[in-house]
Amino acid sequence: MRINYKPQDRFDFAIFLPMIFLIIAGLLAIYSSTVNHPTAHGNFQKQLYWAVFSVLIFFVIYYLPQQTFRMFAIVTYLAAIFFLIAVLAIGKTVYGSKSWFGFGGFGFQPSEFAKLATILMLAYWLTYKSRDINNLKDIGVALLIGFVPVILILLEPDTGTSFVFVFITIALIFWSGISLFGMFVVLSPGVMVVASLFGMHVFLIALILVVIALFFFKKDLFNSISVFVINLASGFFFNYAYAVLKPHQQKRISSFLNPYADPLGAGYNALQAKVAIGSGGFFGKGFLHGNQTQLRFIPEQWTDFIYCVIGEEFGFIGSVIVVTLFFVIFMRLLKLSSTAKDKFSVLVIVGVLTLLFSHFAINVGMNIGIAPVIGLPLPFLSYGGSSLLVDVVLLGIVLNVYRNRKLHT
């Protein structure tokens, strides 16, 4: 008996169509911000080529056998690590970061490929045989898988991208069923580092909260003291880590805490982005009519600050539409992660959701002044072929899972 599937039974238009609309919005914003630029006017054409190529690859990924992604997880991850090491030796330096391979007029970032590889490898490891994520060895290997790319990317240095790998690793470990105490052990040192950014008083308050949490968990004295010492050391370690950062990275942190401390330097882009978004009003100034955009107040606005082009030229309405399209994708990914039957596929979807959401939240936060300027592109919109390709491929994998979901029922 032949089963007749409706198109929506095999293809998730609720993910695909918002993705296409966001790519189109990105192309419009890139065109607007580069059309009158003396050196970047060719970026629109390059991005258009990448967009067409990415959508074609999307359908190739969509029709692959689902087991392909599990089979090649290890090989893909090892290849990503190789490229991350190679780029440190022979890569091209762009804006102080040795993170690019150059091919003629095109460039490729191995760190983008590593995002895909790390998601697949973590999903593979966490679902291989009878994995116990609360076992010290298993959680240690999972953290190692996630943090090897972090270390290599920090050496480039690219602090913003390294944060994304941390978020992905933590999200997949959490989704694998780690205990609440285990998650506390993983997350609390990071919280202490952030608290130390805001001075000794905030740091001490956070340390007191750690002690209260340890009392709540009621673990044995050795474990409790060990966790307390790790948290205490994490906070003090930040001062050392801050000292070894590049000067421009230190300025980004200080300008996040107080953008007005250096309004013509590190805080300049963040302040101008807020001006651009605010000046757009409700309906915007119109396509190609944004003052901040056309007069190039923000350097390279087509990359990390593409969202303020939308805000200035299409106003509050355009900004909300973009945010809504993203949330349609996020909610759909969350729904698929809760309905998929194969655990490997579930973790891949969670990894994709974490990657896209972290990029979205930090990038939009940068543009409106509530997140540090750490150089993360806005998925599907920002100029950059390698990031666009990887983002589209990741959604292709998700729709591949959707197409094959009945195989696991």
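Within region 371-409, the set of residues being of a type in the set (F, W, Y) and under 30 Å from P299 (Cα atoms) comprises F380, Y383.
There is at least one residue in region 83-91 that is outside any helix (DSSP H, G or I) and either more than 21 Å from the chain's Cα centre (by Cα) or farther than 30 Å from N43 by Cα (or both). For region 289-312, residues that are crowded, with 24+ Cβ neighbours inside 10 Å and assigned to a loop (DSSP other than H, G, I, E, B) total 6.
Can you tell which of V87, V35 is surrounded by fewer than 17 Cβ atoms within 10 Å (Cβ to Cβ) and not hydroxyl-bearing (S, T, Y)? So the residue among V87, V35 that is surrounded by fewer than 17 Cβ atoms within 10 Å (Cβ to Cβ) and not hydroxyl-bearing (S, T, Y) is V35. Determine whether region 140-158 contains at least one residue that is aliphatic (A, V, I, L, M) and in contact with a strand residue (DSSP E or B) (Cβ under 8 Å, 6 or more places away or on another chain). Looking through region 140-158, at least one residue is aliphatic (A, V, I, L, M) and in contact with a strand residue (DSSP E or B) (Cβ under 8 Å, 6 or more places away or on another chain).
Under 6 Å between Cβ atoms, at least 6 apart or on separate chains: pull out the pairs that start in region 216-237 with a residue that is closer than 16 Å to F181 by Cβ and end on any residue that is surrounded by 15 or more Cβ atoms within 10 Å (Cβ to Cβ). Between residues of region 216-237 that are closer than 16 Å to F181 by Cβ and residues that are surrounded by 15 or more Cβ atoms within 10 Å (Cβ to Cβ), the close pairs are F217/F181; S224/L214; V227/V185; I230/P189; N231/S188; N231/P189; N231/M192; N231/V210.
The residue list G286, G278, G351 contains one member that is free of Cβ contacts under 8 Å to residues at least 60 places away in the same chain and either in a helix (DSSP H, G or I) or surrounded by 20 or more Cβ atoms within 10 Å (Cβ to Cβ) (or both), which is G278. Take K246 and decide whether it is basic (K, R), surrounded by fewer than 16 Cβ atoms within 10 Å (Cβ to Cβ) and either modelled with pLDDT under 85 or over 24 Å from the mean Cα position of the chain (by Cα) (or both). Yes.
For (1) within 19 Å of W50 (Cβ to Cβ); (2) at pLDDT below 95; (3) of a type outside the set (A, V, I, L, M), each residue gets a yes or a no:
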residue	(1), (2), (3)
C308	no, yes, yes
F330	no, no, yes
S337	no, yes, yes
I362	no, yes, no
M366	no, yes, no
Y402	no, yes, yes
L407	no, yes, no
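Restricting region 354-385 to residues that are in a helix (DSSP H, G or I) and more than 14 Å from the chain's Cα centre (by Cα), the residue that is surrounded by the fewest Cβ atoms within 10 Å (Cβ to Cβ) is I368.
When we screen A195, A171 for residues that are more than 30 Å from S386 (Cβ to Cβ), small (G, A, S) and in contact with a helix residue (DSSP H, G or I) (Cβ under 6 Å, 6 or more places away or on another chain), the only hit is A195. Once region 386-409 is narrowed to residues that are under 20 Å from A114 (Cβ atoms) and polar (S, T, N, Q), the residue that is surrounded by the most Cβ atoms within 10 Å (Cβ to Cβ) is S387. For region 49-69, the criterion of a residue being free of Cβ contacts under 8 Å to residues at least 12 places away in the same chain and touching a Phe, Trp or Tyr at 6+ places or on another chain (Cβ under 9 Å) is satisfied by no position.
Residue by residue, here is whether (1) acidic (D, E); (2) closer than 22 Å to M71 by Cα holds:
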residue: T93; (1), (2): no, no
residue: A114; (1), (2): no, yes
residue: A117; (1), (2): no, yes
residue: D138; (1), (2): yes, yes
residue: V141; (1), (2): no, yes
residue: L152; (1), (2): no, no
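Has region 124-137 got any residue that is at pLDDT 80 or above, under 29 Å from G235 (Cβ atoms) and surrounded by 14 or more Cβ atoms within 10 Å (Cβ to Cβ)? Scanning region 124-137, I find no residue that is at pLDDT 80 or above, under 29 Å from G235 (Cβ atoms) and surrounded by 14 or more Cβ atoms within 10 Å (Cβ to Cβ), so the answer is no. Restricted to region 258-291, and to residues there that are at pLDDT below 75 and among the polar types (S, T, N, Q), the residue that is farthest from S387 (Cα to Cα) is N258.
Considering region 187-209, and only residues there that are among the aliphatic types (A, V, I, L, M) and either in contact with a strand residue (DSSP E or B) (Cβ under 9 Å, 6 or more places away or on another chain) or closer than 10 Å to N231 by Cα (or both), the residue that is surrounded by the fewest Cβ atoms within 10 Å (Cβ to Cβ) turns out to be L187.
The values are calculated or read from the model by the stated rules, or taken from the named source; none is laboratory data. Predicted, not measured: the structure shown is a model, and the values here were computed from it. Backbone-built Cβ (ideal geometry, glycine too); neighbour counts: all protein chains shown.
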